[in-house]
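Structure first, then comments.
The values are calculated or read from the model by the stated rules, or taken from the named source; none is laboratory data. These figures come from a predicted structure and were not determined experimentally. Here the Cβ is made from the backbone with ideal geometry for all residues, glycine too, and neighbour counts use every protein chain on show. We work out accessible area using only protein heavy atoms, side chains counted, and drop any ligands, DNA or RNA first. Shrake-Rupley method; radii C 1.70, N 1.55, O 1.52, S 1.80 Å.
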Amino acid sequence: MDKNKLDFVLIEFPAKLKALDPQTKGLWGKMNVQQMIEHMIDSVKEANGKIPRTIVTAPERLQATKDFLMSEKEFKPNTKNVLMGEEPLPVRHVKISDAIAELESEIKDFEKHFASFPDARITNAFFGDLNYEEWVQLLHKHSMHHLKQFGGE
C-alpha cells in the first residue's frame with residue numbers, strides 16, 4: 001500500500017479542492033469545479049460500495065486496463081467516460097463547501113468499509129473487481145487527473 005497516495009486521497013485532495021477558485025475554467029472538458037467535485041463523490045461512492053457497478057470493459061481487455069490502473073501512467077485529458085452523458089450533471093449542492101464535505105464523508109466511509117471488510121473486492125465498471133489497494137490507486141489517479149484539469153495539482 002502506498003501510504004503517500006492514501007494520504008493524498010484522505011487529506012491533500014480535499015484540502016486542494018478547498019483552495020481551488022470555484023470559477024476556475026477547466027483546461028479540458030465541460031465540468032465546472034463543483035461538478036467535478038460531485039463527480040468525484042460518485043467515484044468514491046462506487047469505491048465504498050454505495051453505487052454498485054457492472055463491468056463494461058470487454059473481458060479480453062480487463063487485464064490491460066488493470067495494468068494501466070496499477071501503472072503510474074496518467075489518465076489523458078478528455079478521457080471519455082461512457083457512464084457519463086455528453087453534458088455534465090447539474091450540481092446537487094447549493095454550496096461548493098457542502099459538496100467538499102460530502103466528498104470527505106464518503107472518503108471516510110471508504111476507509112471504514114475496508115477496515116471492516118479488508119478482503120472486500122468492489123466492482124469498478126472499467127477496471128473490474130478491485131481490492132483496497134487498487135481502489136486507493138484509482139482514487140489517487142482519478143483525483144490527480146481532475147486537479148490537473150483545474151490547475152490545482
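May I ask you to list the residues in the stretch 115-153 that are in contact with a Phe, Trp or Tyr (Cβ under 6 Å, 6 or more places away or on another chain) and aromatic (Phe, Trp, Tyr)? 132 - this is the single residue of the stretch 115-153 that is in contact with a Phe, Trp or Tyr (Cβ under 6 Å, 6 or more places away or on another chain) and aromatic (Phe, Trp, Tyr).
From the set of residues in the stretch 56-73 that are among the small types (Gly, Ala, Ser) and part of a loop (DSSP other than H, G, I, E, B), which is farthest from residue 133 (Cα to Cα)? Filtering first and then ranking leaves 58.
One line per residue, one yes/no per condition, for (1) closer than 20 Å to residue 4 by Cβ; (2) outside any loop (DSSP other than H, G, I, E, B):
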position	(1), (2)
84	no, no
91	no, no
98	no, yes
104	yes, yes
134	yes, yes
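Within the stretch 32-47, the only residue that satisfies the criterion of being among the polar types (S, T, N, Q) and closer than 19 Å to residue 8 by Cβ is 43.
Which ones in the stretch 93-105 are surrounded by 13 or more Cβ atoms within 10 Å (Cβ to Cβ) and of a type outside the set (Gly, Ala, Ser)? Answer for the stretch 93-105, where residues must be surrounded by 13 or more Cβ atoms within 10 Å (Cβ to Cβ) and of a type outside the set (Gly, Ala, Ser): 93, 96, 98, 100, 102, 103, 104.
Among residues belonging to the stretch 39-52 that are closer than 15 Å to residue 138 by Cα and in a loop (DSSP other than H, G, I, E, B), point out the one that is nearest to the chain's Cα centre (by Cα). Only one residue tops the list, namely 48.
Restricting attention to the stretch 16-72, which residues are of a type in the set (Ser, Thr, Tyr) and touching a residue at least 12 places away in the same chain (Cβ under 8 Å)? Once the filter is applied, which keeps residues that are of a type in the set (Ser, Thr, Tyr) and touching a residue at least 12 places away in the same chain (Cβ under 8 Å), the stretch 16-72 yields 24, 43, 54, 57, 65. Out of 141, 148, 108, one residue alone is open to solvent by 50 Å² or more (accessible area, probe 1.4 Å), within 20 Å of residue 14 (Cα to Cα), touching a residue at least 60 places away in the same chain (Cβ under 8 Å) and not polar (S, T, N, Q). It is 148.
Taken over the stretch 3-51, the criterion of being open to solvent by 30 Å² or more (accessible area, probe 1.4 Å) and touching an Asp or Glu at 6+ places or on another chain (Cβ under 8 Å) is satisfied by 10, 16, 30, 45, 50, 51. Taking the criterion of being surrounded by 11 or more Cβ atoms within 10 Å (Cβ to Cβ) and more than 20 Å from residue 150 (Cβ to Cβ), the residues of the stretch 68-82 that qualify are 68, 69, 70.
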